[in-house]
Amino acid sequence: MKSRTGRILLSAAGFLMITGLTGIPQFTTHAQSSENPAGKSYSDEIRKTYNFLFGKDNLSLPGNAAIEGNDFIQPGAFPEAEYCGHCHEEAYHQWRQALHSNSFRTPFYRTSVNILIRTEGIEYSRHCDSCHNPIAVLSGALTTDSHVDRAFDKDGLTCATCHSIQRLQSTSGNGGYVMGVPAVMVDEKGNRIPGKVPFGDILQHPERHAQAVMQPFYKTPEFCAACHKANLPSTLNDYKFIRAFTVYDEWQNSKFSNRNPLTFYSAGFTPCQSCHMPRVAATLPDYGAKAGLLASHRWLAGNTAVPFYYGFDEQLEKTIEFLKRGTFLNVDIFALKKASDDTIIAPLGSVPFRLEPNDMVQAYVVIQNKNIGHSLIPEVRDLYEAWVEVMVKDASGKAIYHSGYLKPDGMLDTRAHSFTNRPVNLSGEFVDNHKVATIHSMAYDNSIQSGRSALVRYEFRVPPDAKGPLSITARVNYRHLRQSYLNNVFGPDHPLYPVVELASRTRTLRMGTNDPTPPEPGDNQDWMRWNNVAIGFLDQQQYSDAIEAFDHVVNLRPDYDDGYVNVGLTYIEWEKYSLARPVLEKALELHPDYARALYYLALVERREGHPEAEVANLQRVVEQYPQSRDARRELGIAYYQQHRSDEAVAQFESLQVIDPDDVAAHYNLAILYRRKGMKAEAATQAALYATKRIDPAAPTYSLDFLRKHPEISTESVPWHMHTDLTHMELEHDMPSGGGQQ
């Protein structure tokens with residue numbers, strides 16, 4: 001099959017740093033143990049030349065992948081996906097087009113990892129390949145002058161890699177799993193039988209097959225966290241620990257985890273697998289299907305680039321369908337504000353207003369991350385691209401304002417509001433091509449966390465000869481990947497990759513009087529519209545505006561406990577603690593023992609010098625939400641301030657189970673352990689704090705970047721206006737249609 005770029009699918013021999021067969025024996029069926037001389041022989045042979053660059057006997061640093069027995073395992077011990085596909089045709093068919101099976105070979109990934117190999121050395125690629133190519137890491141292939149046969153590269157994550165994981169190390173990510181020697185069956189005593197077995201044996205004992213290839217934790221978000229959470233450790237960058245992406249943490253802090261009492265909205269418990277592995281109809285024979293349904297092995301999400309490149313039309317179609325389902329985001333053209341009037345016209349559609357020619361108008365667009373269990377965008381934000389496109393047209397269809405357009409060469413309007421970040425290096429330059437080892441700071445990050453809302457402001461002038469009515473459309477577009485990165489991978493001569501509209505809203509603006517209009521089916525109720533714009537104001541530190549908006553929520557829904565909590569939260573962030581108390585107490589009148597109100601009231605009690613009440617409230621929160629990071633952290637601090645050292649230690653240790661990278665836990669445990677005479681433990685925590693705390697010089701690198709790029713520097717400002725600067729570009733730079741291709 002030819003790819004969209006006209007290239008033939010890459011073979012294993014075509015990859016950088018891949019060499020041919022050697023005299024190292026390859027085995028397929030024996031356990032790696034003292035009873036398996038062949039497996040031990042393989043490991044001993046690898047150890048003779050393996051570069052343990054980052055520590056004796058550590059096989060995977062800067063990654064975290066591990067294997068039972070801490071020894072190398074021959075690649076042939078992992079049954080190929082085709083073997084599993086004999087009985088699981090549907091799962092194999094889905095997997096072959098999915099991201100997991102293409103996690104290593106794609107030119108997008110290879111471009112970045114090859115830069116790391118060329119600039120730092122192949123040993124450093126263990127950091128990336130602990131998730132993208134576990135067999136390469138655990139077989140000892142990632143070392144200078146390796147002679148391991150890497151035919152496995154074409155398959156990335158196979159059935160046997162995921163289904164051989166025996167336990168998880170923690171939720172630190174970077175491949176935080178412990179692999180067992182692959183087995184597809186256990187014997188009558190429950191012992192794993194390594195390698196392949198005849199299909200007839202499996203069909204005769206399906207329960208023993210299931211025992212070998214399934215673990216209860218496979219259905220938990222923590223299983224996904226092993227790879228869908230990443231950091232850049234000091235062993236990789238020779239600098240310090242930097243969080244890369246934290247999809248698991250974002251989920252755990254979202255309403256869908258039911259573990260965080262501080263979310264703005266609530267929902268039923270929804271793990272990663274509910275969205276990304278729903279049960280779907282099996283169209284091919286598959287012994288894993290139940291009542292004709294199979295847990296999807298497509299893992300549909302946001303990657304349109306890989307199926308587009310390889311011509312996997314079925315996967316691409318289903319991915320676009322997944323993205324366009326219309327429930328993930330809510331786009332609300334919430335308000336207008338005229339330069340001649342300080343008041344805002346809001347909520348738009350619910351109140352009358354007048355619009356005249358030559359009016360200078362500001363439009364408040366609210367993007368709500370409504371039903372995504374993580375941020376928009378969740379992972380490598382410097383490569384993916386989601387942005388807001390706003391277009392105002394007159395009655396003839398002529399564009400009078402356009403922000404967020406794509407230029408003819410595929411590049412995004414420089415001043416578009418995009419949900420991205422800009423990692424920078426020591427010289428204040430954008431870290432292009434995902435050169436992860438050089439990242440030192442983040443100039444800005446405009447992602448929207450789950451359950452929160454972004455307020456984006458646009459300003460345009462109604463032409464003096466405007467032909468009404470005008471239409472204003474706001475949409476969120478998405479593509480994988482950004483055009484400049486695709487150009488880096490392929491050069492400028494390549495097809496434009498798909499752009500998907502995730503959500504949109506259009507409103508009609510009439511010249512003269514505009515009466516209220518009925519809401520559309522996808523519109524939020526007015527109380528929620530006010531709530532979402534208030535969240536946007538709060539995140540932009542516009543506290544007075546946030547209070548006013550949350551007051552509208554309370555007036556519309558006086559029985560809504562969270563309305564009062566939100567007012568209290570805003571006063572706390574505004575450091576007006578005395579004003580926060582009465583509204584929080586009102587929420588507790590409506591909802592006694594409400595954990596969210598208790599948490600914020602505890603912060604008020606601390607500020608006003610009532611430590612006993614502070615601790616009592618936080619204890620009640622932890623009782624209800626034992627996995628709340630924030631409640632554990634604040635309760636630990638409260639105990640610490642009261643010199644209740646043992647209780648403080650217990651809270652910070654519990655916090656580290658939830659988040660092993662929490663800086664406050666490292667800092668406080670370093671002090672508390674030392675006071676208890678636990679010098680070694682204190683030193684460990686102090687070292688972790690030193691590498692994980694933010695470098696005080698990091699903002700300097702970000703400021704250097706922002707000074708060099710004034711065209712996007714406003715994106716780092718909590719709130720900013722997208723002004724009418726595009727009119728000069730309309731004729732030669734801007735397409736007349738929308739952003740969807």
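The values are calculated or read from the model by the stated rules, or taken from the named source; none is laboratory data. What you see is a predicted model; the values in this text were computed from it and never measured. Neighbour counts are summed over all protein chains in view; Cβ atoms, including those assigned to glycine, are modelled from backbone coordinates with ideal geometry. Accessible surface areas use protein heavy atoms only, side chains included; no ligands, DNA or RNA. Shrake-Rupley method; radii C 1.70, N 1.55, O 1.52, S 1.80 Å.
Figures for the structure shown
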quantity: Nearest-10 value in Å² for the accessible area of D286, using the 1.4 Å probe; calculated: 20
quantity: Accessible-area value, C272, 1.4 Å probe, nucleic acids and ligands omitted, Å²; calculated: 30
quantity: FRET efficiency, 1/(1 + (r/R0)^6) with R0 41 Å, evaluated for E520 and Q641 via beta carbons; calculated: 0.20
quantity: Point-charge dipole on Cβ atoms (K/R +1, D/E -1) for the range 351-424, about Cα centre, debye to 20; calculated: 100
quantity: In nm, spacing of pseudo-spin labels at K398 and D313 (7 Å Cα→C-beta vector); calculated: 4.2
quantity: Relative contact order %, the range 413-494, counting alpha carbon pairs below 8 Å whose residues are six or more apart; calculated: 24
quantity: Karplus-derived HN-Hα couplings along the range 688-696 (A = 6.51, B = -1.76, C = 1.60, θ = phi - 60°), whole Hz, x at Gly and Pro; calculated: 5, 5, 4, 7, 9, 5, 5, 5, x
quantity: Peptides 441-448, 629-636, 484-491 ordered by average Cβ neighbours within 10 Å, highest first; calculated: 629-636, 441-448, 484-491
quantity: Listed residue pairs exceeding 25 Å between alpha carbons, taken from K435/K708; K229/K435; K370/K586; K154/K435; K154/K189; calculated: K370/K586; K154/K189
quantity: Candidates per trypsin sites (Lys or Arg not before Pro) in the range 247-333, loop by DSSP, up to 12 other Cβ within 10 Å; calculated: R325
quantity: Cβ-Cβ FRET estimate between T283 and N487, R0 fixed at 35 Å, reported to 0.05; calculated: 0.40
quantity: T119, T220, ranked by accessible area, largest first (probe 1.4 Å); calculated: T119, T220
quantity: Selection from A587, A534, V567 lying farthest towards where the dipole of the range 502-590 points positive, charges on Cβ; calculated: A534
quantity: Residue-span extension gain [A687 to D238] - 0.36 nm each, minus C-alpha spacing; calculated: 160.2 nm
quantity: Normalised contact order of the chain, rounded percent, pairs of Cα under 8 Å and 6 or more residues apart; calculated: 12
quantity: About the Cα centre, charge dipole magnitude for the range 518-564 (Lys/Arg +1, Asp/Glu -1 at Cβ), debye; calculated: 20
quantity: Heavy-atom accessible area order for T106, T263, largest first, 1.4 Å probe; calculated: T263, T106
quantity: In sequence order, calculated HN-Hα J values of the range 148-160 (Karplus, 6.51, -1.76, 1.60; Hz; x Gly/Pro); calculated: 6, 5, 10, 5, 5, 4, 5, 10, x, 8, 8, 4, 6
quantity: Loop-located trypsin sites (Lys or Arg not before Pro) in the range 154-200 whose Cβ has at most 16 other Cβ within 10 Å (DSSP); calculated: K189
quantity: Reciprocal of mean inverse Cα separation for the range 662-706 (Kirkwood radius, Å); calculated: 11.5
quantity: Net charge over other residues, Cβ less than 10 angstrom from the Cβ of L569 (K, R count +1; D, E count -1); calculated: -1
quantity: Stretchable slack from V351 to D559, in nm (0.36 nm times residue separation minus alpha-carbon distance); calculated: 72.5 nm
quantity: Whole-number accessible area per residue in Å² for the chain, which is evaluated in the context of all protein chains at 1.4 Å; calculated: 41
quantity: Unit charges at the beta carbon, dipole of the range 268-359: most positive-side option, V331, A291, Q315; calculated: A291
quantity: Relative contact order (%) - the range 31-163, alpha-carbon pairs under 8 angstrom, separation at least six; calculated: 31
quantity: The range 369-414 shape via C-alpha gyration tensor axes, a/c threshold 1.5; calculated: oblate
quantity: Global form of the range 185-329, assessed from the alpha-carbon gyration tensor, a/c cut-off 1.5; calculated: prolate
quantity: Positive-pole candidate from V280, N477, Y600, dipole of the chain, charges at beta carbon; calculated: V280
quantity: Size of electric dipole in the range 486-538: Cβ of Lys, Arg +1 and of Asp, Glu -1, about Cα centre, debye, nearest 20; calculated: 140
quantity: Estimated 222 nm signal from helices in the chain, with DSSP H stretches of n ≥ 4 weighted -39500 (n - 2.57), rounded to 500; calculated: -10500 deg cm²/dmol
quantity: Whole-percent carbon and sulfur share, accessible surface of the chain, 1.4 Å; calculated: 53
quantity: Environment charge of Q541, counting only residues whose C-beta is closer than 12 Å and scoring Lys/Arg +1, Asp/Glu -1; calculated: -4
quantity: Sparsely packed GluC sites (Glu not before Pro) within the range 177-257, loop by DSSP, other Cβ within 10 Å at most 11; calculated: E188
quantity: Whole-angstrom Cα spans of the range 57-141 along principal axes, big to small; calculated: 41, 34, 17
quantity: Whole-Hz couplings from phi, Karplus 6.51/-1.76/1.60, listed for the range 294-303; x for Gly and Pro; calculated: 9, 4, 4, 10, 8, 6, 4, 7, x, 8
quantity: Global geometry of the range 554-660, whether rounded, prolate or oblate, following the gyration tensor of its Cα atoms and the 1.5 cut on a/c; calculated: prolate
